[in-house]
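What follows is calculated from the coordinates using simple rules that are stated; it is not laboratory data. These figures come from a predicted structure and were not determined experimentally. No Cβ is skipped: glycine too gets one built from the backbone with ideal geometry, and neighbour counts run over all protein chains shown.
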Amino acid sequence: MQRAGLLALLKKTFGYSSFRPLQEEIITDVLAGLDVFALLPTGGGKSLCFQLPALAQDGLTLVVSPLIALMKDQVEGLQASGVAATFLNSTLSADESRARFRGLYRGEYKLLYIAPERLMLPGFAERLPELNVRQVAIDEAHCISEWGHDFRPEYRQLAELRPHLPGVPFMALTATATQRVREDIVRLLALRDPRCYTASFNRPNLTYRILPKEKPSEQVVRWVKDRPEECGIIYCHSRKATESVAEKLRAGGISALPYHAGLDPVVRDKTQDKFLKDKVRVICATVAFGMGVHKPNVRFVLHFDLPKSIEGYYQETGRAGRDGLPSECVLLYSAADAIKQKTFIEEKTDPDEQRIARDQLQKMIQYAESSECRRETLLAYFGETHLAIPCGGCDNCLEPRERFDGTVAAQKFLSCIFRLRQASSFGVGMNHLVEVLTGAASEKVKRWGHDRLTTYGIGKEHSRTEWQSIGRELMRLGLCHQTVERMSTLELAPEGLAWLKSRQPLTLTRPMRSSTRTARPKIEGDIVCDETLFAQLRALRREMADERNVPPYIIFADVTLRHMAARQPSNEDDFAEIPGVGERKLRDFSGPFIEAIAKWRAQRPR
């Protein structure tokens with residue numbers, strides 16, 4: 001199909017007049033029968049890369065998806081746009097499954113969503129050629145790699161499909177993958193000379209902020225109350241914390257529910273359904289929640305606890321602002337959380353797992369404590385350079401932290417590492433080094449004779465917390481480093497030794513403080529419209545969604561409603577020009593919205 005035909009199909013089905021970055025190139029390669037690896041950020045339009053080719057050619061597109069909720073969500077959205085799609089999973093009865101198989105054999109569907117476990121059941125792969133499969137799309141492909149943040153062993157079997165589908169192109173899609181994970185995906189899925197596409201990891205509509213964790217439950221209640229019309233996800237490490245935070249929010253008059261693996265599955269499903277249908281404003285969840293949630297109007301993601309890795313953090317924050325509208329990502333950080341995470345890592349029995357986990361956590365801590373641009377740090381982690389600094393969308397760029405002459409403090413800290421290593425045949429950790437600097441009379445300091453060092457007690461002008469902050473910044477600057485073994489120790493880097501000898505001045509950053517900023521900054525992606533009209537259109541959408549028992553965004557996304565409120569279409573021709581309005585939605589939903597806009601205009605004072 002030529003470009004004009006693809007654009008016409010895009011507008012007719014999904015209501016968009018142009019492609020997002022890389023979508024057209026990926027779709028063209030898929031239609032040419034080539035294998036493709038695509039790394040597009042959350043909200044970057046990954047799904048369209050296999051949905052449009054499915055509509056542009058005969059046969060069935062098989063979509064491997066890891067979560068039931070994700071399948072149901074995408075199928076409902078496709079059906080609302082007039083696309084014949086279905087799913088097969090454990091929620092279906094035997095009769096329902098048989099009925100869908102009959103439809104598949106008759107060629108009634110363009111897309112079939114299926115979990116890898118179901119797909120790899122004995123005998124299933126052998127039946128695939130009978131279904132006229134023309135494309136296989138593997139979503140959340142990072143699940144195949146042990147280095148990915150959500151490893152799933154069953155993904156490793158997917159390469160076994162290839163002999164049953166000779167000549168059928170395979171597509172692997174993910175929103176989060178380091179170079180190592182990307183190589184794993186291509187190798188373990190046996191992609192054949194794939195065309196590889198990597199879009200920018202930058203999410204310009206997201207604001208990133210780290211706040212010191214101080215009376216966190218109260219912090220969270222105040223923060224959410226400042227955003228009375230917005231829904232969001234609060235991530236907690238423990239089940240107990242999800243329930244406690246949700247309870248505090250409810251006591252503060254905010255509709256909130258907990259979500260974790262320990263809840264009855266029926267309760268979990270109902271909780272997720274309420275969130276998707278805007279019946280509850282905030283979900284307090286463990287990381288078990290979110291991977292299968294395609295709710296585009298999540299306006300904030302707040303991390304109550306420190307994430308285990310930057311990949312996990314990026315993936316979880318990516319659930320905010322999928323519709324491209326401005327959204328916030330906040331992390332409450334304390335050094336105590338970092339210590340707690342390290343304790344969990346020590347409980348792992350596999351040495352390799354421990355090593356990987358320590359390395360990932362150390363990078364996450366450095367990100368949280370850094371005074372550099374958050375966006376630049378995130379992008380650099382994934383091998384990308386961000387040129388626009390200040391970015392205008394992170395705390396360190398919006399409210400730069402105070403800097404001070406840290407020359408003497410750095411000399412004392414690095415000299416202490418040097419003297420400790422010189423005096424002993426072993427390295428020591430951060431806590432012990434700080435005890436030596438501050439002149440603590442601990443049992444270990446005395447037993448090892450470290451109270452006789454020239455650096456003992458030379459740092460009493462700083463508190464232990466301040467020294468730890470100084471030490472972590474010196475690590476970020478590459479002057480010293482922390483080993484990732486079980487008993488982590490501080491070591492002086494060659495650069496640190498050279499700096500000590502050079503006696504060059506050094507500027508350091510004060511520890512972060514609670515932000516005074518509560519309002520969200522004006523950032524890319526906002527659509528200026530009448531907020532009263534937008535609220536009325538949201539209420540109408542909610543009624544229509546309730547009648548159909550689907551989430552409101554299945555009718556129209558917030559971004560489409562904001563375009564409506566801005567352009568105020570008065571007839572079907574104008575309504576058809578709104579982004580996100582395809583032929584089926586124009587036919588099914590335009591009337592009530594045009595009527596609501598006309599009524600609002602008539603009631604406005606002239």
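The label point for Asp350 and the one for Arg403, both projected 7 Å from the Cα toward the Cβ, are 4.3 nm apart. The separation of segment 115-138 from segment 528-547, counted between C-alpha centres, amounts to 41 Å.
Sort 320-333, 119-132, 230-243 by packing, meaning the average of other beta carbons within 10 Å per residue, with the highest value first.
Values: 320-333: 23.8, 119-132: 12.8, 230-243: 20.6.
Order by mean packing, descending: 320-333, 230-243, 119-132.
Sorted from greatest to least, the principal axis extents spanned by the alpha carbons of segment 301-432 come out as 58, 43, 27 Å.
Whole number please: convex hull volume per residue of the Cα set in the chain, in Å³? Don't jump to the answer; show the numbers that get you there.
Values: hull volume 109.8 nm³, N = 606.
Residue-normalised Cα hull volume stands at 181 Å³.
The value for segment 177-234 of Rg(Cα) / (2.2 N^0.38 Å) is 1.91. Candidate cross-link partners of Lys279 among the lysines, defined by an alpha-carbon separation under 19 Å and a same-chain spacing of 8 or more, comprise Lys72, Lys225, Lys248, Lys270, Lys295.
Taking 17 Å as the straight-line reach from the Cα of Lys460, the lysines in range (excluding those fewer than 8 positions away in the same chain) are Lys412. Beta bridges per DSSP, both residues in the chain: antiparallel share near 10 percent. Site pair Glu229 and Ser502 shows an inter-label distance of 5.3 nm when each label is modelled 7 Å from Cα along Cα→Cβ. Extending 7 Å from Cα along the Cβ direction at Asp269 and again at Thr454 yields two label points whose distance is 7.2 nm.
Based on a Kirkwood Rh over C-alpha pairs, give the Stokes-Einstein translational diffusion coefficient of segment 529-579 at 4 °C and viscosity 1.567 mPa s in µm²/s. Kindly include the intermediate steps, with their values, before the conclusion.
Values: Rh = 11.2 Å.
Roughly 116 µm²/s, to the nearest whole number.
Summarising the overall dimensions of segment 403-509 from its C-alpha atoms, the Rg and Dmax are 12.8, 38 angstrom. So if I take the alpha carbon set of segment 419-478, get Rg, then get Rh from the Kirkwood formula, what is the Rg over Rh ratio? Checking Rg against Rh, the ratio lands at 0.96. Principal axis extents of the Cα atoms in segment 58-122, from largest to smallest and rounded to whole angstrom, are 31, 24, 21.
Using the Cα centre of segment 206-398 as the reference point, and only Cβ charges (+1 on K/R, -1 on D/E), how large is the resulting charge dipole? Debye, rounded to the nearest 20.
Working: 29 positive and 28 negative charges, 124 e Å.
Magnitude of the dipole: close to 600 debye.
Taking 13 Å as the straight-line reach from the Cα of Lys340, the aspartates and glutamates in range (excluding those fewer than 8 positions away in the same chain) are Asp305.
Restricting the calculation to Cα atoms, segment 206-398 shows an Rg/Rh of 0.96 when the hydrodynamic-style radius is the Kirkwood one. Distance from the C-alpha centroid of segment 562-606 to that of segment 24-99: 29 Å, rounded to the whole angstrom. Selection among Cys329, Gln157, Cys397 by position relative to the dipole of the chain gives Cys397 as farthest towards the positive end (Cβ unit charges, Cα centre).
Calculate, in nm to one decimal, what Glu108 and Glu96 gain on full extension: separation in residues at 0.36 nm each, minus their alpha carbon distance. Intermediate results must be reported in sequence, preceding the final value.
Values: separation 12, 0.36 × 12 = 4.32 nm, distance 1.50 nm.
Answer, rounded to one decimal: 2.8 nm.
Ignoring solvent entirely, what values of log10 I(q)/I(0) come out of the Debye formula for segment 3-198 at 0.14, 0.18, 0.19 Å⁻¹ when each Cα is a single scatterer? Evaluating at q = 0.14, 0.18, 0.19 Å⁻¹ gives log10 I(q)/I(0) of -0.76, -1.33, -1.49.
Can you tell me how much longer the chain between Phe124 and Ile389 gets when fully stretched, taken as 0.36 nm per residue apart minus their C-alpha distance, in nm with one decimal? Working shown, then result.
Details: separation 265, 0.36 × 265 = 95.40 nm, distance 5.21 nm.
Extending this stretch completely gives an extra 90.2 nm.
Extension gain for Glu443 to Leu477 (0.36 nm times residue separation, less C-alpha to C-alpha distance): 9.1 nm.
Dipole size of the chain about its Cα centre, with +1 on Lys/Arg Cβ and -1 on Asp/Glu Cβ: approximately 1120 debye, rounded to the nearest 20.
Taking every alpha-carbon pair under 8 Å whose residues sit at least 6 apart, segment 206-398 reaches a relative contact order of 25 percent. Each peptide in 199-211, 532-544 was scored by the mean count of other Cβ atoms within 10 Å over its residues; highest first, the order is 199-211, 532-544.
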